[in-house]
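> Following this message is one structure expressed as structure tokens.
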Amino acid sequence: MDFSGFYKLPVEDRLKRLREAGRISGEDEKLLLDGDALKMDVADRMVENVVGRFHLPFSVVPGVVVNGKEYVVPMVIEEPSVVAACANGCKLARESGGFTADADEPIMIGEMQVVGVGKEAKEKVLEGKERIMEKAKEYAAGVERYGGGMRGLEVREIQTARGEMLILMFEVDVRDIMGANTVNTILEGAAPIVEEVSGGKVRLKILTNLAVKRKARARCVWKREVVGGEVVEGVLDGYEMAAHDIYRCATHNKGIMNGMDAVALATGNDWRAVEAGAHSYAAIGSYKPLTRYYADEGGNLVGEIEVPLAVGTVGGAININPVAQLGQKILGAEGAGELSMVMAAVGLAQNFAALRALGTTGIQAGHMKLHARNLAVIAGAHTPKEIDMVVRKMDESRVYTVENARKIFEGMR
Ligand code: MEV
């Protein structure tokens with residue numbers, strides 16, 4: 001599939017290419033173009049107090065190669081440069097052989113807090129584990145139908161300012177859904193029997209976003225002859241800074257989330273859950289980068305990422321929002337595991353691209369170019385020719401303000 005020069009095409013031609021490549025149908029094209037895909041009555045049923053809909057750009061990054069399969073990755077994001085950077089990191093990855101990736105089984109963990117427990121409560125729960133599991137299974141019937149279900153139950157004790165508490169960790173295989181509703185339903189269903197068995201009182205019953213049993217990993221060896229020696233050195237230096245400086249590490253990980261969140265949004269997933277999982281995972285021990293880089297014997301740059309990714313290909317908002325369904329269709333992952341692998345690869349590509357720019361030329365030149373396009377439009381430029389001319393003159397003056405864009409546009413007229 002040829003996606004060369006994709007970013008330079010007008011929107012209609014990009015859609016045409018996607019259609020010709022069999023990624024979207026004529027109907028899908030209309031849905032994307034008319035901008036009214038999420039109908040008002042549907043929006044009104046999704047959340048409370050609705051008074052309108054909020055639009056964001058829907059982009060794609062073609063040519064993302066993961067485990068030998070080529071994906072067109074949908075991204076929804078408001079920040080300029082993120083899509084371009086991702087495309088750049090993925091292109092250099094493709095030229096280096098692509099990403100390899102793998103994912104854990106889709107096991108989510110639900111926590112149940114038991115307070116007012118006596119000394120033998122933990123033993124009682126362990127003795128009654130079969131009964132608790134049986135009850136939990138009754139509420140897991142929905143996912144059992146798809147091959148998921150209860151997989152385990154662990155018990156932890158914690159000491160708190162309000163005394164000792166038991167924390168029961170319910171492990172549920174949720175297959176291709178994100179799983180929050182399923183897990184929370186199981187927890188609430190099993191609470192009475194836990195009270196009976198433990199003699200304590202059950203309070204919180206909620207899934208944890210620290211989905212340590214549902215991680216995805218991606219890896220790429222960016223070839224030295226493809227990216228250049230200076231880039232290899234720049235990325236390695238940048239990574240070491242993040243590994244030893246928490247201020248940098250926060251921004252390093254934020255850049256990774258730029259990519260993963262954008263895919264989460266475009267596929268109708270809960271990006272706040274993805275955020276919470278990633279940052280809490282990064283903070284185990286002490287807060288550290290989600291990626292890791294080193295040079296192999298040939299001087300090539302090896303990049304790796306490991307991150308919990310609780311995302312689904314069906315269920316929740318995906319079933320309601322037609323644009324999210326289209327995002328899923330364009331990406332074409334066969335199941336949540338595959339989606340999480342692509343997301344991990346995107347996070348790694350995003351991070352590589354940021355480190356590549358930061359460690360060499362800096363990010364402002366590329367960023368301001370995109371920003372300048374926005375300013376040109378705000379100043380009144382409409383046609384691609386007008387926009388390009390305003391951007392070129394702004395680049396020459398290096399003054400990126402609305403006032404300057406207006407002055408240039410007025411001058412052109
Ligand atoms: C900006 O949204 C993201 C970056 O700051 C990430 C990074 O510094 O690695 C460019």
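The values are calculated or read from the model by the stated rules, or taken from the named source; none is laboratory data. For clarity, every value in this text was computed on a predicted model and none was experimentally measured. For neighbour counting, all protein chains shown are included, and Cβ atoms are generated from backbone atoms with ideal geometry for every residue, glycine included. Ligands, DNA and RNA are excluded from the accessible area calculation, which covers all protein heavy atoms including side chains. Shrake-Rupley method; radii C 1.70, N 1.55, O 1.52, S 1.80 Å.
> With (1) under 26 Å from the mean Cα position of the chain (by Cα); (2) closer than 23 Å to residue 261 by Cβ as the list, and residue 373 as the residue in question, which single condition is left unmet?
(1)
> How do the pairs read when you match residues in segment 205-231 that are of a type in the set (Val, Ile, Thr) with residues anywhere that are open to solvent by 60 Å² or more (accessible area, probe 1.4 Å) and not in a strand (DSSP E or B), using Cβ under 6 Å and keeping only pairs 6 or more apart or on different chains?
Short answer, once both residue conditions are applied: 226/95; 231/356.
> Now for a separate question. Would you pick out the residues in segment 314-340 that are touching an Asp or Glu at 6+ places or on another chain (Cβ under 7 Å) and either open to solvent by less than 10 Å² (accessible area, probe 1.4 Å) or within 19 Å of residue 217 (Cβ to Cβ) (or both)?
Passing the criteria: 326, 335, 336.
> Testing residue 271 on (1) within 16 Å of the ligand (Cβ to nearest atom); (2) touching an Asp or Glu at 6+ places or on another chain (Cβ under 9 Å); (3) open to solvent by less than 60 Å² (accessible area, probe 1.4 Å), one condition comes back false. Which one is that?
The one condition residue 271 does not meet is (3).
> For segment 354-384, what are the residues that are open to solvent by less than 10 Å² (accessible area, probe 1.4 Å) and either within 16 Å of the ligand (Cβ to nearest atom) or within 20 Å of residue 232 (Cα to Cα) (or both)?
Result: 355, single match.
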